[in-house]
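The values are calculated or read from the model by the stated rules, or taken from the named source; none is laboratory data. All figures in this text were calculated on a predicted structure; none of them were measured in a lab. Positions of Cβ are backbone-derived with ideal geometry, glycine not excepted, and every protein chain shown enters the neighbour counts.
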């Protein structure tokens with residue numbers, strides 16, 4: 001669905017606003033649709049004051065078949081159908097086939113349960129699930145950061161130990177001691 005008007009959508013915020021209008025959502029409806037608490041974030045995104053988080057873009061791809069290449073760069077069709085072809089109307093889809101095939105079998109039950117909750121009308125449960133997922137995500141990311149920091153600390157300790165060992169075994173410039181010879185202090 002590329003048109004002359006689409007070519008004028010030069011920023012991600014402008015393209016996001018275009019998507020929202022194509023879906024016939026107001027800012028609060030789009031915020032609810034992508035799992036945000038308020039329309040403020042959508043306004044900030046549309047006015048290019050904040051970059052949308054990946055989960056927002058991914059949700060638009062999964063549920064509304066938004067072409068992420070177009071959304072991010074302005075290149076290609078605005079909407080894709082389940083076969084990846086242009087979708088003129090930009091209708092909301094519940095479970096695009098192409099997304100379903102990318103879910104590993106070991107996670108399929110969890111994914112399907114998640115999608116069932118997120119596509120339901122139970123706003124309280126959707127909000128709780130979304131908040132929990134983001135809390136778990138922060139926890140996992142924090143654990144990864146801690147693990148990386150611990151690894152870096154061990155690397156630094158090894159480097160310092162190696163340097164310390166090298167420093168202790170170095171001789172002073174111009175000084176060469178014979179085995180058994182004591183170090184003299186002073187000018188004697």
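Of note:
- Residues that are modelled with pLDDT under 75, under 23 Å from residue 17 (Cα atoms) and either over 20 Å from the mean Cα position of the chain (by Cα) or not in a loop (DSSP other than H, G, I, E, B) (or both) are absent from the range 54-73.
- Residues that are assigned to a helix (DSSP H, G or I) and surrounded by fewer than 18 Cβ atoms within 10 Å (Cβ to Cβ) within the range 8-22 comprise 14, 21, 22, listed in sequence order.
- Candidate set from the range 86-118 (those that are surrounded by 12 or more Cβ atoms within 10 Å (Cβ to Cβ) and assigned to a loop (DSSP other than H, G, I, E, B)); member that is modelled with the highest pLDDT: 103
- Against the conditions (1) surrounded by 15 or more Cβ atoms within 10 Å (Cβ to Cβ); (2) in a loop (DSSP other than H, G, I, E, B); (3) modelled with pLDDT under 90, residue 25 satisfies every one except (3).
- Counted residues, the range 33-60 - those being over 20 Å from residue 137 (Cβ atoms) and buried (at least 18 other Cβ atoms within 10 Å of the Cβ): 2
- Any hit, the range 122-143, residues being in a loop (DSSP other than H, G, I, E, B), modelled with pLDDT of 80 or more, under 23 Å from residue 59 (Cβ atoms) and more than 20 Å from the chain's Cα centre (by Cα): yes
- Condition check for residue 177: surrounded by 10 or more Cβ atoms within 10 Å (Cβ to Cβ), modelled with pLDDT under 80, over 19 Å from the mean Cα position of the chain (by Cα) and over 21 Å from residue 57 (Cα atoms): yes
- Some residue of the range 3-14 being within 21 Å of the chain's Cα centre (by Cα), without any contact (Cβ under 8 Å) to a residue 40 or more places away in the chain and closer than 21 Å to residue 125 by Cβ: no
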